[in-house]
Amino acid sequence: MINKKSVEDIEVKGKRVLVRCDFNVPLDKETKEITSDKRIRESLKTINYLISHGAKVILCSHIGKTGKNLSLAPVAARLTELLEKEVPLLVDLDADETRTTIENMKEGDVVLLENTRMTEAEEKNDDAFAKKLASFAEIFVNDAFGSAHRAHASTVGVTKYLPSVCGFLIQKEIEALDHGINNPKRPLVAIIGGSKVSSKINVLLSLLDKVDTLLIGGGMTYTFIKAQGGKIGTSLCEDDKLEVAAEILKKALDKGVRLLLPVDAVIASEISDEVPTEVCAVDKIPDDKMGLDIGPKTVEIYKEEIAIAGTVVWNGPVGVFECDAFATGTKEIAKAMADSHAVTIIGGGDSAAAVEKFGLEDKMSHVSTGGGASLEFMEGKKLPGIEALQDK
Ligand code: AMP
């Protein structure tokens, strides 16, 4: 359970409320149109609550990386449609006009500040920038779960200057993840995929204390298989992580956790939809081929584990799902989760993108809006953007 104050615990009527949202939505590279507005839609509950309770709502968010200088203009346009009211984008935080617009806001009005990452000060958690952001408002609400693992000016810095509480999305995310991982309906099955062991070591170690079964997929498979003496061809492998992989396998044995590795793989000479593919045993991959998806036998085994689970938590695709030729494993896992009676939790990032791509989002119990944040939560870390908020 989250022990932080929320928007419901404070009086917002007539107050200027700065709301940190996660509007870091994917944009089409050429047209700059929003390709998924999930993160915007997920922020609406908090925004609508504030509007209906008479707050003056000042939204802010980052979009893209620092230095890319992407504009939140497409988000302002989408918000205007979704809220059915004009949401002006205030592009220059230093302009007198911006301050005047905010001073003249009426109860229920909404404005959006331009991308907080237009300046390096955001990621540096620069105090002067945090103070400037805070100076626009009387209350701070953090609802950006996707940025909660980052101590930036707009997530942590501002909390030094304003009474700070969480929004409904952060509440929902923490409750779903906490319930799924720390108080699950058993058996608890975790599926961990993605490219590298190195980025998932901490989550794997932490999950070994919590789960009943751990299903491994994706590029990290091959470091484990090589650690066991298998032949992996040109598959992705981190040779400096072979010992860690062996240690994880041993820890699983010691703790009585069933850690399953793929038994077969879809292989090809390169990552491309144009090259022929084959299926072979995961530990007998020819020298000139690489494993790019879990094979059909593995799919069947993993589906059986999902079918008997009480809770399934998934982070990381089990194959190179961006190519149709290697998307089957990831699609079958998503379908099996959608069909199961288990509590199903998708840990954001690529797995959430995959579930959305296959149109199965509505069939899951919870699809997180934060890849990095949900991973760090699963690692058992405290999220600074949430820690900085007022306790109940
Ligand atoms: P991560 O960011 O670590 O969660 O990794 C996600 C990426 O892993 C996706 O872009 C996948 O294409 C990639 N991936 C999944 N399986 C494999 C594989 N067998 N070989 C190489 N990359 C993979």
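Any read-out appearing in this document is the output of simple, stated calculations on the displayed coordinates, not a laboratory observation. Since this is a predicted model, take the numbers as computed values, not measurements. Using ideal geometry, Cβ is built from the backbone for each residue, glycine included, and neighbour counts are taken over all protein chains shown.
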Q: Of the numbered conditions (1) among the β-branched types (Val, Ile, Thr); (2) more than 9 Å from the ligand (Cβ to nearest atom); (3) in contact with a Ser or Thr (Cβ under 9 Å, 6 or more places away or on another chain), ILE301 fails exactly one; give the number of that condition.
A: (3)
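Kindly provide the set of residues from region 174-214 that are of a type in the set (Lys, Arg) and touching a residue at least 60 places away in the same chain (Cβ under 8 Å), ordered by number.
Step one: of region 174-214, the residues of a type in the set (Lys, Arg) are 185-186, 196, 200, 210.
Once the filter is applied, which keeps residues that are of a type in the set (Lys, Arg) and touching a residue at least 60 places away in the same chain (Cβ under 8 Å), region 174-214 yields LYS185, ARG186, LYS200.
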**Q.** Given (1) within 19 Å of ALA245 (Cα to Cα); (2) buried (at least 17 other Cβ atoms within 10 Å of the Cβ), number of the condition HIS179 does not satisfy
**A.** (1)
Q) For residues in region 20-63 being in contact with a strand residue (DSSP E or B) (Cβ under 6 Å, 6 or more places away or on another chain) and assigned to a loop (DSSP other than H, G, I, E, B), which is nearest to ILE170 (Cα to Cα)? A) CYS21
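Being surrounded by fewer than 24 Cβ atoms within 10 Å (Cβ to Cβ) and more than 11 Å from the ligand (Cβ to nearest atom) narrows it down to one residue among VAL313, VAL275; which is it? It would help to see each step written out before you state the result.
Details: VAL313 fails: surrounded by fewer than 24 Cβ atoms within 10 Å (Cβ to Cβ).
Going through VAL313, VAL275 in turn, the sole match is VAL275.
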Q) So which residues in region 60-89 are farther than 14 Å from ARG117 by Cα and either in contact with a helix residue (DSSP H, G or I) (Cβ under 9 Å, 6 or more places away or on another chain) or in contact (Cβ under 8 Å) with a residue 60 or more places away in the chain (or both), if there are any at all? A) VAL75, ARG78, LEU79, LEU82, LEU83, LYS85, GLU86, VAL87, PRO88, LEU89
Q. Do any residues in region 304-317 that are over 14 Å from GLY194 (Cβ atoms) have Cβ atoms under 8 Å from those of residues that are within 16 Å of the ligand (Cβ to nearest atom) and not in a strand (DSSP E or B), where the two are at least six apart or on different chains, and which pairs are they?
A. ILE306/ILE333
Q | Residue that is surrounded by the most Cβ atoms within 10 Å (Cβ to Cβ) [pool: residues in region 236-272 that are acidic (Asp, Glu) and assigned to a loop (DSSP other than H, G, I, E, B)] | A | GLU238
Q. Filtering region 210-235 down to residues that are in a loop (DSSP other than H, G, I, E, B) and farther than 28 Å from ALA342 by Cβ, which residue is nearest to the ligand (Cβ to nearest atom)?
A. SER235
Q: Just need a number here: residues in region 180-209 that are within 12 Å of the ligand (Cβ to nearest atom) and assigned to a loop (DSSP other than H, G, I, E, B).
A: 8
Q) Among the residues of region 289-307, which ones are within 16 Å of LYS335 (Cβ to Cβ) and of a type outside the set (Phe, Trp, Tyr)? A) ASP293, ILE294, PRO296, THR298, VAL299, GLU300, ILE301, LYS303, GLU304, GLU305, ILE306, ALA307
Q. Looking at (1) assigned to a helix (DSSP H, G or I); (2) under 14 Å from the mean Cα position of the chain (by Cα); (3) more than 13 Å from the ligand (Cβ to nearest atom), can you tell me which one SER351 breaks?
A. (3)
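Conditions tested, residue by residue: (1) aromatic (Phe, Trp, Tyr); (2) in a strand (DSSP E or B).
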{"site": "PRO276", "(1), (2)": "no, no"}
{"site": "ASP293", "(1), (2)": "no, yes"}
{"site": "THR298", "(1), (2)": "no, no"}
{"site": "LYS303", "(1), (2)": "no, no"}
{"site": "TRP314", "(1), (2)": "yes, yes"}
